[in-house]
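Working notes, structure below.
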Amino acid sequence: MKLWGGRFSKSTDKSVDDFNSSIRFDQRMYRQDITGSIAHAKMLGKQGIIEKSESDLIVKTLGEILKDIEDGKVEFLIDAEDIHMNIETILISRIGDTGKRLHTGRSRNDQVALDIRMYLRDEADEVSQMLSDLKDIVLAVAEENIETIMPGYTHLQKAQPITLAHHFMAYYEMFKRDGERLFDLRKRINVMPLGSGALAGTTYPLDREFVAKELGFDAITLNSLDGVSDRDFVCEFAFVLSMIMMHLSRFSEEIILWSSNEFGFVDLDDAYSTGSSIMPQKKNPDVAELARGKAGRVYGSLMGLLTVMKGLPLAYNKDMQEDKEQIFDALDTVKMCLPVFGGMLSTMKIRKDKMLAGAKGGFTNATDVADYLVKKGLPFRDAHAGVGKMVAYFLDQDKALDELSFEEYKTFSDLFAEDVYEAISLDTCVNLRTVTGGPAFETVKKVIEKYKNM
Ligand code: ARG
């Protein structure tokens, strides 16, 4: 008979058992479920709600069950529905009536809310660690490339020269914000719902603060309806994961472009690329492509979760069981992407020569030629128009602005003097941009130093 089978006279149809059961995917919360139950049982004993000896036996047996699960000695049952009832069933099979006292003052509704919060709390810490490892890699590559000049783009058209360090540090900023989001989210996860009961709390004199302290929660929920039905933190987690994937996907897109023959900015390591079954010359950026592709999958989880929740009346509804596969899949995906992406970045070869050549073409120093004329007294709009004409004139000749002869310069403006070459060299273009946040070698170096010491 089911743990809840008292009022039933028929057993559940096999198809309903399969349909209803979540053990297939919620068994990964076994440790959280047992740890939560141990804290609950201790509290019941301390409060005199059950005998101290009963509490002790429950705690001890739950510890043994945990060990048996970890040793692979436990088989979960589909018709025990979920991880909560599977463990309770095992407990009762081992210590009989005493085991039946564990669920006093508790409902599966607040139990599952507790478990998922504990599970996601640990996952938030794990993703934070992985993100921080990736940040370290980004920082290390940046540090080695403070003087690696490359073209910066807008509209994917060459715009102005920057450095690879500057470019990488832009991603560092994104991942840093992602880390901050995880940190912030963790505060909202880390609120203890046990004591909410099924929806309306409980008449037993529970010590909720004690349970919260035992389990490392910073606070307890203050509304029992919300305590059992809040899944904001699950949606929020899916959003943070989606944002991480969006950043990885943008980065991936660049790696894919950069590793193409047309760009040739990077050479992916053999260990982080794949070949073609038919074209012998191919080396494909599959890691980056998959990271880009998997962003769609994680966004799907976010949409799935928001949609599950949108029409649910208070309080608990079984629909909410659908939260787990979505968030677990999103977590598994992100945790798979982060380290492999880091490995790809740390092993790829950077073709500084190609980056520099890229920065030389495409008139990336045109703004600086205009600024040069401004410094010599021309209003910026006139300078802009004048340099535009120069660019148009030399467009077909595949010439860079600093390759023009002095005579050629003079035909465009009398304001040009010999110092123009120095003024518009790529080094100058980058290094005059010392504004905070700019690409000048020293400026980026300072930012890198700051983050290294954080
Ligand atoms: N497996 C359920 C879930 O994941 C646990 C809570 C079920 N509660 C209930 N009263 N049916 O949401």
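The values are calculated or read from the model by the stated rules, or taken from the named source; none is laboratory data. Since the structure is predicted, the reported quantities are computational estimates derived from the model, not experimental observations. A quick note on method: Cβ atoms are made from the backbone with ideal geometry, for glycine too, and the neighbour counts reach across all protein chains shown. To get the accessible areas, we keep the full protein, side chains included, count just its heavy atoms, and leave off ligands, DNA and RNA. Shrake-Rupley method; radii C 1.70, N 1.55, O 1.52, S 1.80 Å.
Tabulated results
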| quantity | calculated |
| --- | --- |
| Tilt relative to the chain, helix 323-347 - C-alpha long axis, 0 to 90 degrees, to 10 | 40 degrees |
| Rounded to 10°, Cα long-axis angle of helix 164-189 versus longest principal axis of the chain | 20 degrees |
| Fully extended contour minus Cα-Cα distance, from residue 340 to residue 398, at 0.36 nm per residue | 16.9 nm |
| Net charge of Cβ neighbours under 14 Å - reference residue 375; Lys, Arg +1; Asp, Glu -1 | -4 |
| Heavy-atom surface of the range 384-437, accessible at 1.4 Å and reported per residue (Å²) | 60 Å² |
| Among beta bridges that DSSP assigns inside the chain, antiparallel share in %, nearest 5 | 80 percent |
| Rounded Å value of the spacing that divides the Cα centres of the range 371-398 and the range 76-140 | 66 Å |
| Relative contact order of the chain, defined on C-alpha pairs under 8 angstrom at six or more residues apart (%) | 16 percent |
| Fraction of accessible area attributable to carbon and sulfur, the chain (%, probe 1.4 Å) | 53 percent |
| ³J(HN,Hα), Karplus 6.51/-1.76/1.60, whole Hz, each residue of the range 251-268, x for Gly, Pro | 4, 4, 4, 5, 4, 5, 5, 5, 8, 6, 4, 5, 8, x, 6, 9, 10, 6 |
| When each of 135/318; 158/376; 135/158; 42/135 is checked by Cα-Cα distance, pairs over 31 Å | 135/318; 42/135 |
| Acute angle (nearest 10 degrees) that the helix 441-452 long axis makes with the longest principal axis of the chain, alpha-carbon atoms | 10 degrees |
| Point-to-point label distance, residue 17-residue 73, nm (Cα→Cβ direction, 7 Å offset) | 2.6 nm |
| Accessible area per residue, Å², the range 297-371 with all protein chains present, probe 1.4 Å | 43 Å² |
| Accessible area per residue in Å² at 1.4 Å probe, computed on the range 107-198 | 36 Å² |
| FRET efficiency, 1/(1 + (r/R0)^6) with R0 56 Å, evaluated for residue 450 and residue 104 via beta carbons | 0.55 |
| Convex hull of Cα atoms in the range 136-262, direction-averaged projection (nm²) | 11.1 nm² |
| Pairwise centroid distance, computed over Cα atoms, of the range 238-258 with the range 422-451, Å | 26 Å |
| Residue order for 153, 372, 30 - accessible surface, 1.4 angstrom probe, largest first | 153, 30, 372 |
| Relative contact order %, the range 267-388, counting alpha carbon pairs below 8 Å whose residues are six or more apart | 25 percent |
